[in-house]
Amino acid sequence: MAMRPDVRRHTIVIIAFALIQWGFVMYILNHQLFGLTTPQRILVFCLSCFGGAFLIFGGLIYMVIKGNSDKK
């Protein structure tokens, strides 16, 4: 029941993208690059966190469903 390398690579790319986008948004918010008001900053932070969590869980579910090489 080994993980297929292509599925593992796709999952790592999805999770890395989620973490990088979250870090990028946090950088923007912490340094106030767009001049957002407080409610806008809260909204962007929440959307970024939910989007990142959705991508991470989606990547993990993809890995579980597509990862077994003996199930065809």
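Points to keep in mind about this one:
- Residue in region 36-44 that is surrounded by 13 or more Cβ atoms within 10 Å (Cβ to Cβ), in contact (Cβ under 8 Å) with a residue 12 or more places away in the chain and not aromatic (Phe, Trp, Tyr) present: yes
- A single member of Val25, Val64, Val7 is without any contact (Cβ under 8 Å) to a residue 24 or more places away in the chain and surrounded by 14 or more Cβ atoms within 10 Å (Cβ to Cβ), and it is Val25.
Values quoted throughout were computed directly from the atomic coordinates according to the rules given, and no laboratory measurement underlies them. These figures come from a predicted structure and were not determined experimentally. Heads up, the Cβs are rebuilt from the backbone with ideal geometry, glycines too, and the neighbour counts pull from every protein chain shown.
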